[in-house]
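Single-structure report; data block below.
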Amino acid sequence: MNHDDTRDLRRLAGQLIMIRFPGTELDADMADFLRANGIRAVCLFRQNMQDAAQLTKLTADLRAAMGPEALIAIDQEGGAVVRATWVPAPPAAMALGAADDTDLARRTGAAVARAVRSLGFNWNFAPVLDLNNNPDNPVIAERSFGADPRRATELALAWMAGSAAEGVACCVKHFPGHGDTNVDSHRALPTVAKPVAELEAFELLPFQQAAPHAPAMMTAHIVYPAIDADHPATMSPAILRGLLRDQWHYQGVIITDGMDMHAIAHHYGVGNAAVKALAAGADMVMALGTRATQEETLDAIARALTDGTVPRAQVDASLARLAALASDYPCTPGEYDQDAADRELMAEAWRRALTARGNPQRPAGKAVRLVVRQDTISDGVSEAGVPAAVLAASLGRLYDVEVVTFADAESFDWAALPNDGRFTILASTSRLRYGPHARATWRPDLHLALWNPYQALDIAAPALLTYGFAAPALDAVNGWLAGADAPGRCPVPGLA
């Protein structure tokens with residue numbers, strides 16, 4: 001094979017991958033890499049973003065380098081999983097499940113799309129269709145619309161319709177379902193060992209109902225032994241081709257989750273895994289690793305195109321689907337003149353989601369003690385939680401706040417808190433569930449579960465569930481403390 005043939009195969013491979021890159025501008029080296037390899041899809045993260053002006057220039061530069069069929073993606077789900085943090089803060093999916101209003105879900109999806117389209121994005125990796133019925137799930141929780149397959153699907157479809165109306169493609173995830181796992185696929189390879197009938201009635205149902213409407217679907221790095229005991233869904237011909245394409249007749253784009261995640265990279269190697277995913281029926285591989293792993297992925301796909309492991313006819317079909325996605329949802333950034341209205345919409349959604357559990361009482365006086373983590377941590381998927389100082393300032397609009405912070409919940413001595421009559425508020429500002437020490441000994445007067453609602457199961461105290469820690473969620477808490485209702489109803493077993 002001569003040099004020109006190799007280069008052409010690499011450029012063909014480049015059209016089948018999505019990459020990420022560091023930095024807040026497109027430097028000459030990265031622009032050359034995109035052009036030389038025919039790459040037309042990128043996903044941007046917080047590390048790529050400073051403000052609207054910077055990000056709009058970056059996406060414009062990317063479009064110039066990648067061409068008119070560019071696919072520029074973002075994870076702007078809502079709640080803790082947002083990348084552009086200065087635009088109106090959308091509620092998490094479970095917040096919309098708690099509000100239980102499809103019109104509100106549609107308007108929220110539209111508002112999210114308006115904001116990200118104005119910044120130059122045409123593809124949003126949302127909404128999540130995973131049904132969270134496992135309290136120990138370390139990575140989904142409030143990202144799910146709930147545990148009832150049909151109602152969660154109705155809310156998700158409404159959200160998608162709002163996004164589509166504003167010109168941004170959705171991508172439902174994580175097919176065939178990441179809700180009933182207690183392992184994070186970013187760190188290990190989970191298994192969902194349920195019989196097919198149970199999967200069809202639960203995990204699969206939202207994806208099957210969404211299939212006629214979803215422009216794209218993202219695969220899960222999870223093994224479903226009842227369907228394919230040998231491959232995770234991302235690399236399973238039985239799941240991607242047999243179930244999704246042949247049985248459900250899905251016509252949209254199939255994209256993998258990040259192939260740098262430990263569930264894949266540590267078990268299969270990124271290049272090998274990329275080939276297996278494409279051969280199984282994926283249209284695009286999310287090659288989110290380093291430049292070295294992206295080079296490895298390109299080389300592996302190019303070899304697979306040469307030896308027929310990935311047939312050319314299949315590639316042509318994938319390219320047609322990707323071209324149609326880009327054509328249906330072009331990158332058309334413009335003025336964003338609905339910021340104020342969308343902020344009020346988001347605030348309405350956060351207020352309507354606020355959920356009371358266990359008959360919480362408001363402080364009788366002005367003196368409160370806030371117990372909260374010292375640090376703000378991320379789980380690697382979400383943004384970091386709200387800092388203690390920000391939360392104290394928010395509550396400080398109503399009360400005289402004394403702040404007590406802890407570094408490690410399992411060693412914090414609740415009994416050492418002064419018995420001075422202050423109303424004690426515990427604010428949970430991470431996704432982490434509490435361990436046995438905190439469960440047995442912590443007794444706040446009020447628990448603000450500001451992220452993972454399942455933390456309310458850990459602490460024997462009345463709770464307010466917000467499903468997120470964005471500023472309008474804190475405002476909703478203050479509204480309740482000042483006398484407003486908490487009208488939400490948590491849409492998962494055990495928390496309703």
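The numbers here are math on the coordinates, done by the rules we state, and not lab data. Just so it is clear, the model here is predicted, and its values are computed rather than measured. Using ideal geometry, Cβ is built from the backbone for each residue, glycine included, and neighbour counts are taken over all protein chains shown.
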Any GluC sites (Glu not before Pro) in the range 22-104 that lie in a DSSP loop and have at most 12 other Cβ atoms within 10 Å would be Glu25
Which three lengths, in whole Å and largest first, does the range 360-496 cover when its Cα atoms are put on their principal axes?
37, 34, 27
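Give the relative contact order (percent, whole number) for the chain; include only Cα pairs under 8 Å separated by 6+ residues. Write out the running numbers ahead of the final one.
On the way: 1112 pairs, mean separation 80.8, N = 496.
Relative CO of the chain lands at 16 percent.
Starting with the highest mean, order 310-318, 411-419, 428-436 by the number of other Cβ atoms within 10 Å, averaged over the residues of each peptide. Don't skip to the end; give the middle numbers.
On the way: 310-318: 14.9, 411-419: 11.6, 428-436: 19.7.
Sorting 310-318, 411-419, 428-436 by mean packing, highest first, produces 428-436, 310-318, 411-419.
Using a 10 Å cut-off on Cβ atoms, rank the peptides 363-369, 379-385 from the highest mean neighbour count down.
Working: 363-369: 14.9, 379-385: 19.1.
Averaged packing, sorted descending, gives the order 379-385, 363-369.
Counting Lys +1, Arg +1, Asp -1, Glu -1, what net charge surrounds Thr293 among other residues with beta carbon under 13 Å of its beta carbon?
Values: positive: Arg20, Arg291; negative: Asp260, Glu295, Glu296, Asp299.
So the environment of Thr293 carries a net charge of -2.
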Most packed first (mean Cβ within 10 Å per residue), the peptides 267-276, 167-176 order as 167-176, 267-276
What is the angle, in °, between the Cα long axis of helix 270-280 and the longest principal axis of the Cα atoms in the chain? Nearest 10 is fine, range 0 to 90.
80 degrees
Per DSSP helix of 4 or more residues, -39500 (n - 2.57); summed, then divided by the residues of the chain. What does that give at 222 nm, rounded to the nearest 500?
-11000 deg cm²/dmol
Relative to the chain, whose Cα atoms define the longest principal axis, helix 149-165 and its Cα axis are tilted in degrees, nearest 10, by 70 degrees
On a 0 to 90° scale, report how tilted helix 52-66 is relative to the longest principal axis of the chain, with both axes built from alpha carbons and the result rounded to the nearest 10.
20 degrees
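To the nearest whole percent, what portion of all C-alpha pairs in the range 165-320 is separated by more than 29 angstrom? Intermediate results must be reported in sequence, preceding the final value.
On the way: 1621 of 12090 pairs.
Taking all Cα-Cα pairs of the range 165-320, the fraction more than 29 Å apart is 13 percent.
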